[in-house]
Structures are given as C-alpha cells and as structure tokens.
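I have placed the structure first, in the form of structure tokens, so that the comments after it can refer back to it.
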Amino acid sequence: DGTELGPAFRSLITAYNDPTGPQAWPYVSVAYDHQGTLHIVWTEQRIADISEHTAICHWNSVRQTVRPVAAGYYDNPNVWEKSLNLSQVTLGIGDGSTLCKDGTEANLDYLYVVYMKLGGETPEEQADVSKAGFANGELYLSASADGGHSWSPPANLSKTKTPGCTSTRPDSVCASEAWATIARDVDALNIFYIADFEAGSFSESGWTMNPTFYLRLEGGTTNAEHVCPRFGPNMVTALTADPECEYHAAPEMTNEELLTVGNIGNIALTGEVTVLPADSWLNVTGAGPFEIEATDPDLEYPVIMDAAGLTEGLYSGLIRITHNDTSKPSPIDFPIDFFVVDDFHCPEATILRTSVFGDAGVLALQVGTDGRFGAPDPAGGLVRPLDSSSAIFDATLLVAHGVQDPDTVVYHRFYNSDDPGQHGFRSVAALYIDTLQYGEGGGFAKASAQMTTKDSAIAVVAEWYYPQGAAYGDFVAIKYTLWNRTSEPLTDVAVGVYADFNVLAGLSSRAIQDGVGNHGNYVQAQNLIYMYGYDTIGHVPADHLNSSQRYSAGITYLAGRDAYGEPFKLNDIAIRGGVGDNRVNNRTTGLYYGPTSGHLHEDLVGTPGVSIWEPTPHADSAKDAYLWLTLDQGRTLEPNGVNPEVYIVALVSDTLQHPAYSIAPKLAGGLTEVVDSVWAWASMGCPGGCTKHGDPQPDGVTNVLDVVQCVNVAFRGAPPVFDDDCPWQRTDVDCTGYTDVLDVVHFVNVAFRGGDPRDEFPCVCY
C-alpha cells in the first residue's frame, strides 16, 4: 500500500561479506504473490569472480531466510570465462487456475523459476558443446508449492542436444536456449526465449541472427505437467576447498574441510557417504547411511586429511555419495588430491614486459608458479601491447617420465587439462619478480618459480628473462632447470614445450582472424619452429611466400656450441641435451599432448624432434595450430639432485612489423633476425647481471647453518636457495650449474675459518 517505502525500510537480504566466498551475481528476478508476499530469486556464484559453480537462491518477506532453488555445483570446463552453470533467472507466480495434488489444491502462489543451465553432471550434458568448445544452454524449470521452502527436481524444458555444432550456417546450427522470460501470472507456463546459434552466448564466429521463440506448457487442468510441481528428492552437496589451491598440509599436520549434503526437494532424500579407499589419512566424520526429510536442515560432515606419518608427495582418495535423487547421477564422487610438503604455495602469476616502447613495452607475457607461461586469456599470452596482438595464448612446460606405454606420467598445465589434481606442477616457493631495470635501456626484468611435479619426484626451477635493451625487445628467454628429488634414478625423462599459437593480424588490414589459416614451419639452422598465415583482404592466399604472408611468432631452442667449440651458456649454466633425434609423440609413446578434442593429427616438418599439432580442419578450413617442441627424451636424472638438466628456449615475435619499425609485412627473415638477436644477447652474458654469494641462511656470515643447507641441497634433493638480488642457487659456489660435494667442501672450509661470504664466493651469475 506504499506505507513501507524509503530508506528506513531498506533491508539487506544476502549479507555476503567474504571476498573469497559466494556473491550475488549477476541475475535477479522479483515478484509479489497474491497475498502481498515479496519473492526474490537470484544467482549465487559459489566463489566470487572465480567459480562457474552456481546456486539459484530464494527469499521471501515472510520467512526472510535464504533457501536454494537449484544448484549447479559441478566442474564445467566447456564454458567461457564469465559464464555460470546456472543463470538468467525469471520468476512467475501461480494464479490458482490449475488444480494440483490430485485435484485437491489450486496452484495459487506456487512459484516457478526458469533458468539457463550449461553442462551438467552427466557425460551427455558435458558433451553438449560446440566444435569450438563452448557449452550449449538448456532451459530448466524448478517449482515450489510451499512458498519457496522446498522445490521440485529440475525439469528440462528444451531438451536440445547439438554436440560438435558450429555457429556458422549452413554447416550447422547450435541449439542453445537462453535469456528466457516467463509471464508473471502462471495459468500456463508462457515463456519467451532466444534460440541462440552461438553456444553459451559466446561469440565464436561473429554476429548471428537469433530468433525469439515462444514456448507454452499448458495449465488449467488437473495436475498439469510442469505447472504442478514434480515430487521427488532434490540433493544439493558441496565440499569446501580453496578456490586457487588444492588440499595440502605439511608433514604431521592436518587439513580440515566440510562436506555438506542437503535436500531442497519435497520428498525424503536417502543415501550413504563412504570413503574410498579406506586409508587412514582421509576421514569423514559421521560417514554412513543418511536420510533427510523435505525441509530438514543440511547434514554437515567434517572431513579430515591427516599427514601424520606420510612422506612428501601426493595422496589420492575419494568421497562417494550414493542417493535416491533420480535427477542426478548416483554415485556422486568428490576426488581428493592431498599434497604433503613442507613448503606449499598457492599458484601465482604476473605479467612482465620487454624493452620499453613508451610505457607499454614491446612484448608482454604472463608467467606463474604452476608451470604455465602465457594464459587462456589473450591478454596474458605473448602480447604486443601497442596493438594488442597476441601470438601465444596458453603454453606450458611439459615433463614426462617412465616414457613407455602405459606407464608414462605427464605433467603440464594447458587449457582444460590444468586441474592440479590431474597434471599440474606444485609451487614450493613464492614467485620471484624483479622489475628494477624496467626502462633502463639494458639488463632485464625477471621472474622465477620453484616447483615440483605432481608426484614430487622432479624439481623444476623456471626463470623468465625480459630484455630491456632497445635492440632486444622482440623475445622472452626461458630457462628450466630440472633435477631428481628422490634417492633413486629417474629414467626415460622427456622434456618439452607445448603452446597454442595464433598468427598475428597484418597491421595494414588486421584481416587474419584468430585461428584461421594457421600454418607451421621450421628453420633448422636456428632451431626455430614458427607459425604463419595470410592477410585475407586484397590477397588470395597461396601456398608460396608472397606479400600477403604474415609471420607470427615461434619458439627457438638455444642448444649447440659457440664459436670456440664450448657448450653454449646462458647465465654460466651449460645446456645439456639437444634436439637431435629425440621425439615424444603419439607414435612412439601413445601419448597425446594436445587439447582433449580427440581430433589432433601430427604433421612432422622434416626434422626429427620437431612436431606441429593441429586439429582436423573445420568445414570452413580454419586451422588453429598447437605447437609441440621436444627438448629432450630418454634422459636419466641422477638421484639426490646430482647433475641437474638445464633447457633454454626463447619465445620470439615478429614485432619488426610494428609501424615504429616498418609497415611492410616481414617474411621469414623477420623471425630469424630476432633469433639472431637472442644469440647475440645471450653471448654478451645477459647484460645487467648481478653477483651471488654463499649465504643460504642469510645472516651475513658463512656458518654451520649454511653448511647444513648446502648438504640438504646436494644430497637430499632440497630445492635451491635464491638470493633476493640474484635468484639462483646460493649453494652453487663454483658455478657448475648444480650443488655437489665440491660446494659442500668449500662451505665447510669457509664456515670454520669465517669471512664475508661475498668475498669468499665472488661467482658471477650472468
């Protein structure tokens, strides 16, 4: 009646206050029922700004408590970055014209919520994606006969599945229903929606003309399907987890989480919680059979992961829930990967840049502590900031050992395969960042990360160098150091780089679309593998070099001998291994390192050890090139950190076609000139280096603590200790590239006669 209006009557409904917890975003629908009760439904993102896990929540002005309508707490790799599993809610109110409950009750003030769902818990739902990998939307309905306290099991209103569809007609049409609106008064379900030909409301191939459809599901009769809510249990379950870190604990410590099982349905939910295998490290307090009546409170189970008595490494288990909710698969499993390590760090990432062009730099690249360089977001790839061209999207170091089918284990971080519990590296130190020389005209910016493989067997130090000299702004150098952390030899170790490349658009026309017409080639003299394509405006693409051809970027492996016959060195660390005849591919190991599309083929380019991966061409002849470069294979890593292996690559980009250099398109010479500058830069000893010292326990002197640290690194596989000014091993005092017994002897000699470690260890890093 207008009396309860204004600031005095304003009420906070959601009260979300945890920045790492849920948030209301971004959909809401509101209606009054016929008794004057206000009803509000909205989408709740489970972890703010991170997770696609979503619930739809309901509140009314009489009960004034929040109840879930539906929950989409499942991993959905096939959505674009801003999508939610459940979204686009719209609310209707029953008008009483339909008799439900066997004709004994009108649907007056029944609540009807229609929403879009992407993916789902079943393999069939997860497979309903376009050829480009985006999920098709489906319209769902949940209804309540008690003012929003309990809800029917969700009903699929559209039931369209078009897996593998393309959005470009006439080849195919994606069936992705979205943006529904239901009439507020429900005698029947009257719904308008968009029949979106772009899966997941994401623009894959430009604009599409999408019709608006009208859907009517009849009411007005006794027990009309959909208008009268279905009856059944409706299970909601969730397990707490850090959104960015896996479950972890130091030895002898514990990690505690909470498993929640609830019933938002209108019939009792029954089931059982079990732990598989029944290992002592994983315990669920109260596990066993359960029964939850409609409207009963949720059940909460403390989950304890206990590292007491466990050695360092990864432990895998499973929490299984069986149940009688027929709208969801049973059982529902929660895989548990529990990483035990003294020093665990959540993944970090940063974007650094090469030499200054204005304030933007020539090249920028995102790097992090999870083994990835580049990122699925184009802004984090190998980017030219001045024209926003991204030559590399996602890329990763790849390490395998036991390279023999079926015993191979592979570690990498790439696109949908980046779940830490599946393939990823683990961070054991904070990300080191040095930007002090930004804009200095010499030296370099740098980042470094310390990691282990998932099984904790191989330690990895990754170092990224961003030259600041004006003549060296066209590349980023990466050095990987690998060593065995175990007491036994590791055989058949393979090391490689895997990247998703895109050909840069020509600056004159910017006509090359992402992923279209990509090709690959190889320059043997410089160990350079690169991608190229064609301008598509004013030119007819040809198979030979011509003025329409654009070169994008590549990866070069810095291996070989210098002019004096000595092993090539960067930072005084000799490179071991080489391209040679070493190759890891699906023919030799049965492994596929590409995206999970299953449509990859191998195109060898005439030189052993180099492969280019491309998906099978689409109907529009588009190609998206995935580059796989083998650095080493068949390597044996000696135990206890002895004789680590070092691999160095450089990411090169044809930034010379930037207008500040030249507006003319560059042919292959553009990239080979950049590779030559890489060698020139490295041969000068990486200008702007620093002096390291032997004080791994930094107290200004070399003493017994430093000796102990050196012994740990040399003989127990401990990670190296870095200097704040010069992040390389403080324990490698003779600059051999690894810590061994000679370093221990040197430390002992100095520790027991005293002295300034900077005087005693004058070794130069670069």
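The values are calculated or read from the model by the stated rules, or taken from the named source; none is laboratory data. Worth saying up front: this structure is predicted, and the values here are computed from it rather than measured. For neighbour counting, all protein chains shown are included, and Cβ atoms are generated from backbone atoms with ideal geometry for every residue, glycine included. Just so you know, the surface numbers come from the protein's heavy atoms only, side chains and all, with ligands and any DNA or RNA stripped out. Shrake-Rupley method; radii C 1.70, N 1.55, O 1.52, S 1.80 Å.
The table that follows gives values for the structure above.
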| item | result |
| --- | --- |
| Test: residue in the range 286-298 that is within 30 Å of GLY717 (Cβ to Cβ) and either in a strand (DSSP E or B) or open to solvent by less than 60 Å² (accessible area, probe 1.4 Å) (or both) | no |
| Test for ASP342: is it charged (D, E, K, R) and in contact (Cβ under 8 Å) with a residue 40 or more places away in the chain | yes |
| Single residue of the range 425-445 satisfying the filter (among the β-branched types (Val, Ile, Thr) and part of a loop (DSSP other than H, G, I, E, B)) that is surrounded by the fewest Cβ atoms within 10 Å (Cβ to Cβ) | THR435 |
| Residues (touching a residue at least 40 places away in the same chain (Cβ under 8 Å) and among the aromatic types (Phe, Trp, Tyr)) located in the range 283-318 | TYR301 |
| Of all residues in the range 169-204 being of a type in the set (S, T, N, Q) and surrounded by 19 or more Cβ atoms within 10 Å (Cβ to Cβ), the one that is modelled with the highest pLDDT | SER176 |
| Those strands (runs of 3 or more DSSP E) lying entirely in the range 5-73 with at least 3 residues open to solvent by less than 20 Å² (accessible area, probe 1.4 Å) and closer than 19 Å to THR90 by Cα | 38-45, 54-60, 67-72 |
| Scope the range 334-358; condition open to solvent by less than 60 Å² (accessible area, probe 1.4 Å) and of a type in the set (Asp, Glu); matching residues | ASP337 |
| Test: VAL476 is within 19 Å of ALA375 (Cα to Cα), modelled with pLDDT of 90 or more and either buried (at least 21 other Cβ atoms within 10 Å of the Cβ) or touching a Phe, Trp or Tyr at 6+ places or on another chain (Cβ under 9 Å) (or both) | yes |
| Candidates TYR564, TYR532, filtered to the one that is among the hydroxyl-bearing types (Ser, Thr, Tyr), open to solvent by 10 Å² or more (accessible area, probe 1.4 Å), modelled with pLDDT under 65 and assigned to a loop (DSSP other than H, G, I, E, B) | TYR564 |
| Long-range neighbours under 6 Å by Cβ, at least six apart or interchain, first residue farther than 18 Å from THR54 by Cβ within the range 10-30, second β-branched (Val, Ile, Thr) and not in a loop (DSSP other than H, G, I, E, B) | VAL30/ILE40 |
| Qualifying residue in the range 103-124 (condition: open to solvent by 10 Å² or more (accessible area, probe 1.4 Å), hydrophobic (A, V, I, L, M, F, W, C) and either within 17 Å of ILE56 (Cα to Cα) or modelled with pLDDT of 95 or more (or both)) | yes |
| Close pairs from the range 365-381: first touching a residue at least 60 places away in the same chain (Cβ under 8 Å) and among the aliphatic types (A, V, I, L, M), partner assigned to a strand (DSSP E or B) and open to solvent by less than 50 Å² (accessible area, probe 1.4 Å), Cβ under 6 Å, at least 6 apart | LEU365/LEU382; LEU365/VAL476; VAL367/PHE373; VAL367/ALA447; VAL367/TRP464 |
| Flag if VAL362 is assigned to a loop (DSSP other than H, G, I, E, B), at pLDDT below 85, open to solvent by less than 30 Å² (accessible area, probe 1.4 Å) and not polar (S, T, N, Q) | yes |
| All positions within the range 210-245 that are open to solvent by less than 30 Å² (accessible area, probe 1.4 Å) and part of a loop (DSSP other than H, G, I, E, B) | GLY219, ALA224, VAL227, PRO229, GLY232, PRO233, ASN234, CYS245 |
| Residue match in the range 320-332 (condition: part of a strand (DSSP E or B), at pLDDT below 95 and under 29 Å from THR453 (Cβ atoms)) | no |
| THR311 outside any loop (DSSP other than H, G, I, E, B) and either surrounded by 14 or more Cβ atoms within 10 Å (Cβ to Cβ) or in contact with a strand residue (DSSP E or B) (Cβ under 8 Å, 6 or more places away or on another chain) (or both) | no |
| Residue under evaluation ILE264, criteria (1) surrounded by fewer than 21 Cβ atoms within 10 Å (Cβ to Cβ); (2) β-branched (Val, Ile, Thr); (3) in contact (Cβ under 8 Å) with a residue 60 or more places away in the chain, criterion not met | (1) |
